[in-house]
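K.L.:
I am attaching a structure below and will ask some questions about it afterwards.
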Amino acid sequence: MKIIHAYAAQNENSPLAPFSYEPRQLRDHDIQIEIEFCGVCHSDLHQARNEWRNSIFPMVPGHEIVGRVTAVGAKTHKFSIGDLVGVGCMVDSCRHCESCEEGVEQYCEEGFTATYNARDRVDNQITFGGYATGVVVHEDFVLKVPEHLDLKGVAPLLCAGITTYSPLKHWKVGPGMKVGIVGLGGLGHMGVKLAHAMGAKVVLFTTSASKIADGKRLGADEVVVSKDPQQMEAHTNSFDFILNTVAATHDLTPFINLLKRDGNMTLVGVPEHNHPAPDIASLIFKRRSVSGSLIGGIAETQEMLDFCGQHNIISDIELIDIAQVNEAYERMLKSDVKYRFVIDINTLRNSTAA
């Protein structure tokens, strides 16, 4: 793979546009991947527009990657040429801190190396992501993808899937539990599917009555319009666990009040501005808790992919050509997608071959 063709942002004001670069030479434990599909995450937009004020340019976004192995380093042992693989949000970590040693590399004390918009730990070069024809990644951060799943829908599992699976698993969601999912977007729709497959009773919370039918199609047993106080009150003190996927600033207290004693609500969306402080008495008098969660470690991400393979779970997606990515960003801002854009990287490959 001499040249990788990609789409990149040159600065925070520029649209994504064609860009090419030479990947690093394969190190002993590297995997070279020919990318077939890459999901479009809302964080891609935040980073490309430098909304989190930490962007490195030029930037090739994309951390929901699915493709085939085309070459391996001299000492690789986990993958072979032709294997179907995935790459998620991180491509390295310090490997020696307590979190890394416990297999939760996402909480690396030195900070994990992001798939894009980061610096490689060996040569300090910028990491480039999956809006590209290929990528080179250390084998320890590459995942095996179930062959029978539709690859287009698998790509978002590498971020949206693991972001919702990890807290559901951590809080031991399963049969006999009543679980709430707040929000029906890229994350929320995966939360509904996964919690349903885990055997829980699933209640979706949405501000829009227009999403009731879709919520039930995805696996929700019930859909509550959270703007309706009566609908909310009917569920007071009844939830074992609530997964809140909403990134917009909102009042957490009405959802906290729905938790049983010892119930937990986990947040996976980062708002632009902090949520209003919740009512502390609502926490204290029922020993409820509010926590956060960030993607998952490599072992847990593989577990999630295997679980999705067993239950035939993929993301609901809209497939786009690479040339539509800037339009997709604008549509994401309007929540005009059900529920994840995925780029067909063959459209990029074909455009550069023409």
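K.L.:
When 1/r is averaged over all different Cα pairs and the result inverted, which Kirkwood radius in Å belongs to segment 163-220?
P.N.:
Numbers: mean 1/r = 0.0901 Å⁻¹.
In segment 163-220 this quantity evaluates to 11.1 Å.
K.L.:
Excluding residue 282 itself, calculate the net charge of residues whose Cβ lies under 12 Å from the Cβ of residue 282, where each Lys or Arg counts +1 and each Asp or Glu counts -1. Write out the running numbers ahead of the final one.
P.N.:
Details: positive: 261, 286, 287, 288; negative: 251, 279.
That works out to +2.
K.L.:
Here's something else I'd like to know. Lys/Arg Cβ at +1, Asp/Glu Cβ at -1, dipole of the chain taken about the Cα centre: which of 343, 15, 190 is farthest positive-ward?
P.N.:
Projecting each Cα onto the dipole axis, the largest value belongs to 190.
K.L.:
In angstroms, what radius of gyration and Dmax does segment 95-195 have, counting Cα atoms only?
P.N.:
Final numbers for Rg and Dmax: 16.2, 50 Å.
K.L.:
Next up: Here is the link list: 172/201; 78/144; 169/216. Which ones come out longer than 19 Å on Cα distance? Mind showing how you got there, number by number?
P.N.:
Values: 172/201 13 Å; 78/144 9 Å; 169/216 22 Å.
Cα-Cα > 19 Å for 169/216; rest within.
K.L.:
Sort out the exposed loop chymotrypsin sites (Phe, Trp or Tyr not before Pro) in the chain (DSSP loop, at most 15 other Cβ within 10 Å) and tell me the longest stretch that has none.
P.N.:
53-284
K.L.:
So what is the relative contact order of segment 144-301, in percent, for Cα pairs below 8 Å that sit 6 or more residues apart?
P.N.:
Value for segment 144-301: 21 percent.
K.L.:
Near the amide H of residue 113, under 5 Å away, which other amide H atoms are found, from residues 5 or more places off or on another chain, if H is placed in the peptide plane?
P.N.:
91, 92, 93
K.L.:
Could you give me the percent of Cα pairs per 10 Å distance bin for the chain, shortest bin first, beginning at zero and ending with the bin that holds the maximum distance?
P.N.:
Spelled out per bin, shortest first, that is 5, 25, 33, 24, 10, 2, 0.
K.L.:
So, counting K/R as plus one and D/E as minus one, what does the shell of residues with Cβ under 12 Å around residue 33 add up to? Don't skip to the end; give the middle numbers.
P.N.:
Working: positive: 68; negative: 30, 34, 36, 83, 139.
Residues close to residue 33 contribute a combined charge of -4.
K.L.:
Next question. Where nothing but the Cβ of Lys and Arg (+1) and of Asp and Glu (-1) is charged, how large is the charge dipole of segment 160-292 around its Cα centre, in debye to the nearest 20?
P.N.:
Here segment 160-292 has a charge dipole of around 420 debye.
K.L.:
Ordered by residue, what ³J(HN,Hα) values in Hz, to whole numbers, does segment 237-249 give under the Karplus form 6.51 cos²θ - 1.76 cosθ + 1.60, where θ = phi - 60° and Gly and Pro are x?
P.N.:
Coupling constants for segment 237-249: 6, 10, 9, 6, 7, 10, 9, 9, 9, 7, 8, 7, 4 Hz.
K.L.:
Further question: Considering only 111, 86, 161, give the residue with the highest GNM mean-square fluctuation for the chain, with springs between Cα atoms whenever their separation is below 10 Å.
P.N.:
111
K.L.:
Looking at the chain only, what percent of DSSP beta bridges run antiparallel? Nearest 5 please.
P.N.:
Roughly 55 percent of the beta bridges in the chain run antiparallel, per DSSP.
K.L.:
Another question, if that's okay. Could you give each residue of segment 309-326 its phi-based ³J(HN,Hα) in whole Hz, using Karplus coefficients 6.51, -1.76, 1.60 with θ = phi - 60°, and x for Gly or Pro?
P.N.:
x, 5, 9, 6, 9, 9, 7, 7, 9, 10, 7, 10, 6, 4, 5, 8, 5, 5
K.L.:
Please work out the FRET efficiency for the pair residue 336 and residue 14, using the Cβ-Cβ distance as r and a Förster radius of 25 Å; give the result to the nearest 0.05.
P.N.:
Computed FRET efficiency for residue 336 and residue 14: 0.65.
K.L.:
Based on Cβ point charges of +1 for Lys and Arg and -1 for Asp and Glu, what charge dipole magnitude is obtained for segment 1-64 about its Cα centre, in debye rounded to the nearest 20?
P.N.:
With Lys and Arg at +1 and Asp and Glu at -1, about 220 debye.
K.L.:
Hey, can you grab everything whose amide H is under 5 Å from the amide H of residue 37? Only 5+ residues off in sequence or another chain; H modelled, so Pro and N-termini drop out.
P.N.:
66, 345
K.L.:
Could you tell me the calculated FRET efficiency between residue 52 and residue 234, based on Cβ-Cβ distance and R0 = 30 angstrom, to the nearest 0.05?
P.N.:
Efficiency computed from Cβ-Cβ geometry: 0.20.
K.L.:
May I ask you to derive the relative contact order of the chain, considering only C-alpha pairs under 8 Å and at least 6 residues apart, and to give it as an integer percent?
P.N.:
It comes to 18 percent, rounded to a whole number.
K.L.:
What Kirkwood radius, in Å to one decimal, follows from the Cα pairs of segment 1-105? It would help to have the intermediate numbers written out before the result.
P.N.:
Values: mean 1/r = 0.0641 Å⁻¹.
Result for segment 1-105 stands at 15.6 Å.
K.L.:
For segment 193-200, in order, what is each residue's ³J(HN,Hα) by Karplus, 6.51 cos²θ - 1.76 cosθ + 1.60 with θ = phi - 60°, in whole Hz (x at glycine and Pro)?
P.N.:
Rounded to whole hertz, the list is 4, 6, 4, 4, 5, 6, x, 7.
K.L.:
Kindly provide the pair-distance distribution of segment 160-292 built from C-alpha pairs, with 10 Å bins from 0 and whole-percent values in order of increasing distance.
P.N.:
Bin by bin from 0 Å, the calculated values are 14, 49, 35, 3.
K.L.:
A further question follows. Please get the size of the charge dipole for the chain, origin at its Cα centre, with Cβ charges of +1 on Lys and Arg and -1 on Asp and Glu, quoted in debye to the nearest 20.
P.N.:
That gives the chain a dipole magnitude of about 680 debye.
K.L.:
Still on this structure: Could you list the trypsin sites (Lys or Arg not before Pro) in segment 232-293 that lie in coil according to DSSP, counting only those with at most 14 other Cβ atoms within 10 Å of their Cβ?
P.N.:
Those satisfying the criteria are 287.
K.L.:
Something else about it: Which percent of the accessible heavy-atom area of the chain goes to carbon and sulfur, probe 1.4 angstrom?
P.N.:
About 50 percent, which is the carbon plus sulfur part of the accessible surface.
K.L.:
Tell me the per residue accessible area of the chain using a 1.4 Å probe; a whole number in Å² is fine.
P.N.:
On a per-residue basis, 43 Å².
K.L.:
What is the distance, in nm, between label points placed 7 Å from the Cα along the Cα-to-Cβ direction at residue 71 and at residue 97?
P.N.:
It works out to 3.3 nm between the two label points.
K.L.:
I'd like to know which of 157, 26, 220 lies farthest towards the positive end of the charge dipole of the chain, counting +1 on Cβ of Lys and Arg and -1 on Cβ of Asp and Glu.
P.N.:
Result: 220, furthest along the dipole toward the positive end.
The values are calculated or read from the model by the stated rules, or taken from the named source; none is laboratory data. Since the model is a prediction, treat every value here as computed from it, not as a measurement. Note that we place each Cβ from the backbone using ideal geometry, even for glycine, and neighbour counts take in every protein chain shown. Side chains included, ligands, DNA and RNA excluded: accessible areas come from the protein's heavy atoms. Shrake-Rupley method; radii C 1.70, N 1.55, O 1.52, S 1.80 Å.
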